[in-house]
């Protein structure tokens, strides 16, 4: 008689996905995250579950959402959409592994001991967003050399905005460009900010790299077009929506890398042993259709340097 061996089935691990933005605004990044998971051998609904928590742009919700994921006893937390989710997750637990994506310096923020050796329960990907703010202003001067007055749109609710403002103000002084800072931390702030830019005849605009702005990119691009203000953004998605130009990391690849790291941790890797990843390159994207609509002639030197030109 053949004996029957009873094998206990291992429980399906649950990933906590903590995001500062909206589910609709981040849908393509969630898809990239799932692709990274699949590369590591994990497919949602098959051998892993995902508990999603979106703050919908309200950063004050993040600590409660992070605490909720810890109560669920998730195996790992993916903290995406800027620096705030990572901070909230780190404050909620010192034991649950965290994989973050953000634009700040994770060492300076206290998330890791060093990029090479995180030394804690957190690791992830930094897209070095703050350090790129000054570069965007420099590029914008090349696009619109006769702008006169330049402006920057930042979110005061995001602590990372302070670093971007400092970078922008330092760059404006170095370049000899007058720079007006506009704060917009809610959807209702956009119209007033752009109306004031138009009143002051702002000639060009830098839009800070901010998850809340990413979620509202269609609205921001439309307002810039309506007021005929040339603007440079942090990510390619804005150019696909009709924005003039962008300079920054490939966010879809950043989120894919987060998924890969989460998968590696589910297989037994420790966050403390996984170095914080950084983008290998930053892409300059130019939308020539928008440039023509604004009456701008983009210098051939810029087009030659562009990684992508949208005709």
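The values are calculated or read from the model by the stated rules, or taken from the named source; none is laboratory data. Bear in mind the structure is a predicted one, so any value in this text is a computation, not a measurement. Note that each Cβ is placed from the backbone with ideal geometry, even for glycine, and that neighbours are counted across all protein chains shown.
Of note:
- Within segment 252-274, tally of residues that are touching a strand residue (DSSP E or B) at 6+ places or on another chain (Cβ under 8 Å) and surrounded by fewer than 18 Cβ atoms within 10 Å (Cβ to Cβ): 1
- With respect to (1) surrounded by fewer than 19 Cβ atoms within 10 Å (Cβ to Cβ); (2) in a helix (DSSP H, G or I), the lone exception for residue 137 is condition (1).
- Check on residue 268, modelled with pLDDT of 95 or more, over 22 Å from the mean Cα position of the chain (by Cα) and assigned to a loop (DSSP other than H, G, I, E, B): yes
- Selection count where residues are under 19 Å from residue 87 (Cβ atoms) and out of contact with any helix residue (DSSP H, G or I) (no Cβ under 8 Å at 6 or more places or on another chain), scope segment 131-164: 3
- Residue match in segment 74-91 (condition: under 18 Å from the mean Cα position of the chain (by Cα) and surrounded by fewer than 22 Cβ atoms within 10 Å (Cβ to Cβ)): no
- Residue match in segment 55-72 (condition: more than 28 Å from residue 158 (Cα to Cα) and at pLDDT below 95): no
- Entirely in segment 162-230, the helices (runs of 4 or more DSSP H) that have 1 or more residues that are surrounded by fewer than 20 Cβ atoms within 10 Å (Cβ to Cβ) and more than 22 Å from the chain's Cα centre (by Cα): 189-199, 217-226
- Subset tally (residues that are at pLDDT 95 or above and under 20 Å from residue 238 (Cα atoms)) for segment 1-28: 1
- For segment 36-59, taking the residues that are in contact (Cβ under 8 Å) with a residue 60 or more places away in the chain and surrounded by fewer than 15 Cβ atoms within 10 Å (Cβ to Cβ), the one that is nearest to the chain's Cα centre (by Cα) is identified as 39.
- Scanning segment 267-296 for residues that are closer than 14 Å to residue 123 by Cα and touching a helix residue (DSSP H, G or I) at 6+ places or on another chain (Cβ under 9 Å) yields a total of 4.
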